[in-house]
Amino acid sequence: RSIRVLTNDDGWILGTYGPPIAVEELRDRMVAPHQGTPFDTFIWNVGGREVFSYETEIGERFAQDVERFDDPPDRIRAENLRHLIAHHGGPVTVIAQLCREIGMKFFPSLRMNTHYNTDESSVSFGRFRRDHPELLIGRPGEELATGSLLWGLRTGKDYALPQVRDFMNSIAIELLERFDTDGIELDFMRHPGVFRPGEAYANRYLLTDMIRQLRRRMEEIGTAKGRELELAVRVGPTLADSERLGMEAEVWIKEGLVDLVTTGLGFNPFDARVGEFAEAAEGTPCRILGCFESLRPVMDTQVLRAIAARYWDEGASGLYFFNFYSMSAAWKKDVVGDLV
């Protein structure tokens, strides 16, 4: 099978250029550098903490009711988002079109949980979490030891609760229904932890049920659009780690619920067990992707080659690059080209 090479962009550009940002800047600085390179799929992060930087009609748009800003990048992002929606349909509409122009697939990426220690007054905190403390991993009034695992996860959403799963599926479905996407990524690993500590393994069937529901709806949407939509997920670096965190990755693969599985965060590439994922996917159309994170050691070409060689030897059928958006078009063509 042909090799798949995916790139994940965290949405940096909306808070960097302008305002107002021009479509040409999105093309020239973000999408076009992938033309003529091994990259076949562009993944764009639509937001975190349920505060979305795209033209959603059901979720909370970034700073949608804010007029005064303390942080300049927040003002830039908010004004760029408003400009793109008012004049070009919105970021997802524009990026999908730009990807289509150069023959790349386009997936929006949903970060399924984020655990940044964000001040509640911040525009990035998120109305969903502020208005529904009963849906969070840390319960209202619960006394937590500062620095404990539960304290670190306290403001994250608890996927044991059906309201959380239904809400995130509704966001995913909107992205698939309304826009010219080729699929969607559910990123469970940008910040792992979607259940209370100690409850993830027992609750893993709940995530599987959530993905089954999404997959059924994706197939209906794909049929209506006349195209096959792909579901990508980012899970733990091993099958056991994934299950420990509540993700039945092997079940998802064998049931045909997912099309692309990225192994781990890329922080520990030499510990990722790509081979066991590849073995689980044998005889299925699911592709297993080895992950790179743009940390300093990985930016060295020799280290990249070593990691890639290990991934290929273990049976990977693709590569996944996270936060390599700053690399030049020549790097994307020559260095990544050397890896595949």
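The values are calculated or read from the model by the stated rules, or taken from the named source; none is laboratory data. Model, not experiment: these values are computed from the prediction. Neighbour counts run over all protein chains shown; Cβ positions are idealised from the backbone, glycine included. SASA here: full protein model, heavy atoms, side chains in, ligands and nucleic acids out. Shrake-Rupley method; radii C 1.70, N 1.55, O 1.52, S 1.80 Å.
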Legend entry - Residues of the range 220-238 that turn out to be out of contact with any Lys or Arg (no Cβ under 7 Å at 6 or more places or on another chain), in contact (Cβ under 8 Å) with a residue 24 or more places away in the chain and of a type outside the set (Gly, Ala, Ser), as a count: 7
Inset, instruction - Only helices (runs of 4 or more DSSP H) wholly contained in the range 115-209 count here; list those with 2 or more residues that are free of Cβ contacts under 8 Å to residues at least 24 places away in the same chain and either more than 21 Å from the chain's Cα centre (by Cα) or over 26 Å from Val258 (Cβ atoms) (or both). - result: 127-131
Legend entry - Residue check, Leu136 touching a strand residue (DSSP E or B) at 6+ places or on another chain (Cβ under 9 Å), of a type outside the set (Asp, Glu) and within 26 Å of Pro73 (Cα to Cα): no
Inset, instruction - Determine whether the range 121-133 contains at least one residue that is out of contact with any helix residue (DSSP H, G or I) (no Cβ under 6 Å at 6 or more places or on another chain), more than 19 Å from Arg29 (Cβ to Cβ) and open to solvent by less than 10 Å² (accessible area, probe 1.4 Å). - result: yes
Legend entry - Residue tally, condition charged (D, E, K, R), under 11 Å from Leu98 (Cα atoms) and open to solvent by less than 40 Å² (accessible area, probe 1.4 Å), over the range 13-51: 0
Inset, instruction - Output the helices (runs of 4 or more DSSP H) that fall wholly within the range 252-340 and possess 2 or more residues being open to solvent by 70 Å² or more (accessible area, probe 1.4 Å), at pLDDT 95 or above and out of contact with any Cys (no Cβ under 7 Å at 6 or more places or on another chain), or say none. - result: 301-313, 329-339
Legend entry - Residues located in the range 282-340, provided they are within 24 Å of Val31 (Cα to Cα) and of a type in the set (Asp, Glu): Glu293, Asp300, Asp334, Asp338
Legend entry - In the range 1-15, residue nearest to His87 (Cα to Cα) [restricted to those that are of a type in the set (Val, Ile, Thr) and modelled with pLDDT of 95 or more]: Ile13
Legend entry - Criterion violated by Asn80 - all others in (1) at pLDDT 95 or above; (2) open to solvent by 30 Å² or more (accessible area, probe 1.4 Å); (3) more than 30 Å from Ala200 (Cα to Cα) satisfied: (2)
Legend entry - Number of the condition not met by Val5 [criteria: (1) crowded, with 20+ Cβ neighbours inside 10 Å; (2) more than 23 Å from Arg111 (Cα to Cα)]: (2)
